[in-house]
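Since the structure comes first, as structure tokens, the remarks are kept for the end.
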Amino acid sequence: MTSIQTFIVGPDTPELAICARWRANAFSVLQASFEEELRSLELLTSDHSLGVALVAKADGEPIGTCLLVESEIEPNHDVSPWLAGLFVVPEYRRKGAGAALVGAIEDQARQREFSRLYLYTTDAAGFYARLGWSVLDRTNWKGFDTALMVRYL
């Protein structure tokens, strides 16, 4: 089994552009271009006091990303902070990369002394529930049935 490690992405980290590309392609509902995602990640990674971007690697190759952010995209709920933008390349799904990234984001939230963490998901509530998250509410976000979930830290 391949070892999966997570790393904090810095503004000059080579993986920053890869993460931006993944986000632009995977989250097209956000209608953000690669350039917009790259600028957003550069801003986030330049000041880790408000959040962090992580990349997961297997055998030295980037395989996924996830964010800890202060506010989520047009949220229907006034809560903070958020786990956002979990993405794993298809060939590494169901192999522990997503769980490793979620756990690492939870650790980052604990280090910042947060007592809970939130996320929105349209189709992965079961995945997050297996990791200890609970559904707080269901909402309609841009026409999608979306679960607001919480993880008490």
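Here are the numbers for this structure:
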read-out	value
For the chain, projected area of the alpha-carbon convex hull averaged over all directions, nm²	8.5
Solvent-accessible area of E70 with every protein chain in place, 1.4 Å probe, in Å² to the nearest 10	100
Peptides ranked, highest mean first, by Cβ atoms within 10 Å: ranges 94-101, 106-113	94-101, 106-113
Phi-based couplings in Hz for the stretch 2-18 (Karplus 6.51, -1.76, 1.60; Gly and Pro marked x)	6, 7, 10, 10, 10, 9, 6, 8, x, x, 10, 6, x, 6, 4, 5, 4
Estimated [θ] at 222 nm from DSSP helical runs (n ≥ 4, -39500 (n - 2.57)) normalised by residues in the chain, nearest 500	-9000 deg cm²/dmol
Solvent exposure ordering (accessible area, 1.4 Å, most first) of R23, R151	R151, R23
Listed residue (L38, G64, Y92) projecting farthest to the positive dipole end of the chain, Cβ model	Y92
Simple label model, 7 Å out from Cα along Cβ direction - N25 to I8, nm	2.8
Distant-in-sequence amide H partners of V9 (H built 1.01 Å from N, under 5 Å)	A53, L54, V55
Value of Rg/Rh across the stretch 99-153 [Cα atoms, Kirkwood radius]	1.00
Relative contact order (%) - criterion: Cα under 8 Å, at least six apart; region: the chain	18
Accessible area (Å², per residue) of the chain, counting only protein heavy atoms and a probe of 1.4 Å	53
Cα→Cβ-extended label distance, 7 Å offset, between L43 and T122, nm	2.3
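The values are calculated or read from the model by the stated rules, or taken from the named source; none is laboratory data. On a predicted model such as this, the values are computed, not experimentally measured, just so you know. Backbone-built Cβ (ideal geometry, glycine too); neighbour counts: all protein chains shown. The area values use the complete protein model at the heavy-atom level, side chains included, leaving out ligands, DNA and RNA. Shrake-Rupley method; radii C 1.70, N 1.55, O 1.52, S 1.80 Å.
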